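To start, the structure under review is shown below, and the notes come after it.
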Amino acid sequence: MNPAVWQMPLKNPPQLVQAGRAVHGRKQAVEEYHLPELWSLHLYRYAGSITIDGTEYAIAPGWAGITPPNSRIVYRFRGESRHTFAHFRLPPEGDLVAVPVIQDVGDAFDGLTRALEEAAGWLPSQPRRASVRLWDVLWQLAGQPLAERAPHQRLHPALSRAVREIELHLEKPLAIPAVARRAEISHNHLTRLFRAQFGVTIEGYIRRRRVERALHLLAHTTLAVKTIAGEVGLPDLHYFNKIIRAAAGMSPREYREKRGST
C-alpha cells in the first residue's frame, strides 16, 4: 500500500458514530490514541504532527487527515489545538478508493468543515442523513463526486440550528436562552420542539448527548478520564463519575475496561 494514502471502501455509506469539535494541547503536548473499530477524520485548524503506526506526518491549518482503525496514533501539539472530527465505521466490502492520509484541502476547507459540522448536528436525530453527509465529505477528499444520496427527514429549522449548536459546543457551558437565541426562536417554543422531537427537555437532551459522547470516548480512545470529562462539558470529576455510573451502571474506568480500550 502506498503509505501516503488509505484504500477505503466507499461504494456504500459509512456509519457515523460520533462527530463534533474538539480542543487539545491545553495541558499536554503529546496525546496517544487507539480506536480499535473506527476510522477517524480530522479537519485541522492548527500546526503540529501526527504519527500513525510509526510514520510521522506534518499537520497544518486547513489540512485534513484520516486515520484507520486499530492504529497507534500519537499527536504532538504546539499549544491549544482545535479541529473538527468524525469517528465512523466503513462497510467491509466494496471497491477501494485511494484517499490521502493527510492533505491540504485549500479553499475547500471551510466548506468541508461546514459539512462535517452539519453531520454532527444531524447525528442524534437523523443518523442516516449525517452518515451520507460524511460520505460526501470522504468522496470530496478522494477527489471524486458522490454519485448517490439517501432520503432524509427534515427537522424544524430552528430545532436543527439548536441541535447543531449543542453538538458543536458540548465542551462548553450551554445556557438554554443562549441556545434559543442562536436558533432564532423563543425559549418556550424551543422547549416544546425538543419535547415533541426527542421526548426530553433541552437540559435532558444536552445531558444525554454529553453522556453518549463520553461513553464513546471511553470506549474508543485512550484519552484520560479527566480529559474526557472536560471535553464533554462535565469537568467536575465527582459529578462526571456519578452521571456515567447512573447511565452505564459502572464507573468510567470500569466501562472502559469492559469495552476493552487500553
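The values are calculated or read from the model by the stated rules, or taken from the named source; none is laboratory data. Only a predicted model underlies this, so the values are computations on that prediction, with no experimental measurement involved. A quick note on method: Cβ atoms are made from the backbone with ideal geometry, for glycine too, and the neighbour counts reach across all protein chains shown.
Data overview
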{"quantity": "Residue match in segment 135-156 (condition: modelled with pLDDT under 90, among the acidic types (D, E), assigned to a helix (DSSP H, G or I) and more than 21 Å from the chain's Cα centre (by Cα))", "calculated": "no"}
{"quantity": "Check on E32, over 15 Å from the mean Cα position of the chain (by Cα) and without any contact (Cβ under 8 Å) to a residue 12 or more places away in the chain", "calculated": "no"}
{"quantity": "All positions within segment 203-228 that are outside any helix (DSSP H, G or I) and touching a residue at least 12 places away in the same chain (Cβ under 8 Å)", "calculated": "T221, T222, L223"}
{"quantity": "Filter result for the condition that a residue is surrounded by 13 or more Cβ atoms within 10 Å (Cβ to Cβ) and of a type in the set (K, R), over R89, R78", "calculated": "R89"}
{"quantity": "Close pairs (7 angstrom Cβ cut-off, 6 or more residues apart or separate chains): in the same structural domain as P14 (by TED's automatic domain parsing) and over 23 Å from Q103 (Cα atoms) in segment 127-152, in a loop (DSSP other than H, G, I, E, B) and at pLDDT below 80 anywhere", "calculated": "R128/A150; R128/H152; R129/H152"}
{"quantity": "Output for segment 25-47, where each listed residue is of a type outside the set (F, W, Y) and buried (at least 20 other Cβ atoms within 10 Å of the Cβ)", "calculated": "L35, L38, S40, L41, H42, L43"}
{"quantity": "Subset of segment 1-60 [assigned to a loop (DSSP other than H, G, I, E, B) and aliphatic (A, V, I, L, M)]", "calculated": "M1, A4, L10, A29, L35, L38, A47, A60"}
{"quantity": "Qualifying strands (runs of 3 or more DSSP E) (wholly inside segment 66-110; at least 2 residues being over 18 Å from A19 (Cβ atoms))", "calculated": "73-77, 96-100, 102-104"}
{"quantity": "Lone qualifier among V200, V163 - being buried (at least 21 other Cβ atoms within 10 Å of the Cβ) and not aromatic (F, W, Y)", "calculated": "V163"}
{"quantity": "Filtered residues of segment 103-138 (kept if in contact with a strand residue (DSSP E or B) (Cβ under 8 Å, 6 or more places away or on another chain) and farther than 20 Å from Y44 by Cβ)", "calculated": "L123, P127, A130, S131"}
